[in-house]
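Comments concern the structure below.
The values are calculated or read from the model by the stated rules, or taken from the named source; none is laboratory data. Quantities reported herein were computed from a predicted structural model and do not represent experimental measurements. Note that we place each Cβ from the backbone using ideal geometry, even for glycine, and neighbour counts take in every protein chain shown.
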Amino acid sequence: MQEQALIAGMLRGEQSAFEAVIERHQHAIFGYLRARLLEPADAEDLTQEVFLRFYLARARFDTTQLIRPWLLGIARNLLREHVRNTRRAREIAWTRLCLDLDELMSDRTGPEDELLDQLPTCVESLGQSAQQAIRWHYSDNHKLAEIGEKLHRSEGAVKLLVFRARQALKRCLDQVARRLTPPS
């Protein structure tokens, strides 16, 4: 069934149309969330929440748009809520880093989940100071001034180091994306 026909059926309240939307997009939404969360059960829960929120807000859906970007927007908002509501520092750190990189890569389309699977390798490619700054900032939730003390640098220098490290991670992920994308 075409996307526009699914949307029309869903807006008319057809359960089969909504089920088809879930079937068509569930794997991608789960993959998006799973790549950004440490616990698979949390990704499963948030995936269900994405479709629940989509169903509840379906009347506000712009029928001229595609469903998947809207679902991914809901998923991104749920991740932000999850970060605010959870106390698990390592998971928050990983999700915050993924969200920061999402914003840096917002102009890119493609297999985001495969890219984020390569994030640990890209982190390892950074210099030692950059790796430490990224880990302390995102994993241990240290403030930039604290990181500066540990690295014997000013807070401004650490801010620049973290910024440059995120840019380096984006470049690394861009290179991975080019390798993953078949030539046209």
Could you tell me whether the range 161-168 includes any residue that is within 18 Å of Gln118 (Cβ to Cβ), aliphatic (A, V, I, L, M), within 18 Å of the chain's Cα centre (by Cα) and surrounded by fewer than 19 Cβ atoms within 10 Å (Cβ to Cβ)? yes
Write out, first by first residue and then by second, each pair whose Cβ atoms fall under 6 Å of each other, whose residues are 6+ apart or on separate chains, and whose first residue, in the range 29-50, is assigned by TED's automatic domain parsing to the domain that holds Leu72 while the second is among the charged types (D, E, K, R). Gly31/Asp113; Ala35/Asp113; Leu38/Glu91; Ala43/Arg34
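Say whether the condition of being surrounded by fewer than 17 Cβ atoms within 10 Å (Cβ to Cβ), at pLDDT 90 or above and polar (S, T, N, Q) is met by at least one residue in the range 99-115. Show your work before the answer.
Residues of the range 99-115 surrounded by fewer than 17 Cβ atoms within 10 Å (Cβ to Cβ): 99-100, 103-104, 106-111, 113-114.
Subset that is at pLDDT 90 or above: none.
Within the range 99-115, not a single residue is surrounded by fewer than 17 Cβ atoms within 10 Å (Cβ to Cβ), at pLDDT 90 or above and polar (S, T, N, Q).
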Within the set of pairs 6 or more residues apart or between chains, which connect a residue that is more than 14 Å from Phe54 (Cα to Cα) inside the range 4-16 to a residue that is not aromatic (Phe, Trp, Tyr) with Cβ atoms less than 6 Å apart? Gly9/Ala17
Can you find, within the range 119-135, the residue that is surrounded by the most Cβ atoms within 10 Å (Cβ to Cβ) among those that are over 18 Å from Leu38 (Cα atoms) and polar (S, T, N, Q)? Gln132
Top-ranked residue in the range 1-33 [being more than 19 Å from Ala59 (Cα to Cα), among the aliphatic types (A, V, I, L, M) and within 26 Å of the chain's Cα centre (by Cα); ranked as surrounded by the most Cβ atoms within 10 Å (Cβ to Cβ)]: Leu33
Out of all the residues in the range 148-184, which are touching an Asp or Glu at 6+ places or on another chain (Cβ under 8 Å) and at pLDDT 85 or above? Gly148
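Assess whether Glu91 counts as being of a type in the set (Asp, Glu), at pLDDT below 80 and touching a helix residue (DSSP H, G or I) at 6+ places or on another chain (Cβ under 7 Å).
On the way: of a type in the set (Asp, Glu): yes; at pLDDT below 80: yes; touching a helix residue (DSSP H, G or I) at 6+ places or on another chain (Cβ under 7 Å): no.
So Glu91 does not fit the description; no.
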